[in-house]
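I have placed the structure first, in the form of structure tokens, so that the comments after it can refer back to it.
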Amino acid sequence: MEAKKAYKSFRYNNSLVWNSARRGRASAPGKPEMDVGSPPEFKGEPGVWSPEELLVGALNACLMLTFVSLAQSKGVQFAAYESAAEGLLENVDGKYRITEVGVRPSVVLKSQADLEAARTIMNEVEKNCFISNSITAEVKLAPQFRVGSDAVG
């Protein structure tokens, strides 16, 4: 009989205080506070983070950090990582939901030798990202790779 691997569980906390209209202030222990609210298309104010942007941003950050972690564990050397993400909010069966998130990472590798390993790692990123594992939206990952200044898409 095989022994089961014991995994740790973690809890994350934050607080929210309503300020006015469709706006509040979010906080978490040891972190700066931030204003949150409805986006303008839902009677909110511009200039504050909306839940929609935070969800897309959380996925974008998780995919980046998963790539970084896997690359470091495999010894893949990269000089830069940037990504842009866009979520699509649609009304499905009378309820709004984010149905897809497109993420476009751009990775600059230090050497041509790391190119195939970086592509292999990127193919594993989505299934190892806990945010993508926690949402029902389709994740469309479209990475681009460069070595130094050479484009290798």
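The values are calculated or read from the model by the stated rules, or taken from the named source; none is laboratory data. Remember, it's a predicted structure, so these values are computed and weren't measured experimentally. We place every Cβ from the backbone using ideal geometry, glycine too, and count neighbours over all the protein chains shown. These area figures cover heavy atoms from the full protein model, side chains too; ligands, DNA and RNA do not enter into them. Shrake-Rupley method; radii C 1.70, N 1.55, O 1.52, S 1.80 Å.
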Scan of region 118-128 for residues that are open to solvent by 40 Å² or more (accessible area, probe 1.4 Å) and either in contact (Cβ under 8 Å) with a residue 12 or more places away in the chain or not in a helix (DSSP H, G or I) (or both), ordered by number: R119, E124, E126, N128
In region 104-117, the residues that are in contact (Cβ under 8 Å) with a residue 12 or more places away in the chain and surrounded by fewer than 13 Cβ atoms within 10 Å (Cβ to Cβ): S111, Q112
Considering only residues that are within 12 Å of the chain's Cα centre (by Cα) and of a type in the set (S, T, N, Q), look in region 129-144 and name the one that is least open to solvent (accessible area, probe 1.4 Å). S132
Those residues of region 22-44 which are open to solvent by less than 80 Å² (accessible area, probe 1.4 Å) and either in contact with a Lys or Arg (Cβ under 9 Å, 6 or more places away or on another chain) or not in a strand (DSSP E or B) (or both) amount to A28, M34, D35, V36, G37, S38, P39, P40, F42, G44
What's the total number of residues in region 45-72 that are open to solvent by 90 Å² or more (accessible area, probe 1.4 Å) and either at pLDDT below 95 or on the phi > 0 side of the Ramachandran plot (or both)? 1
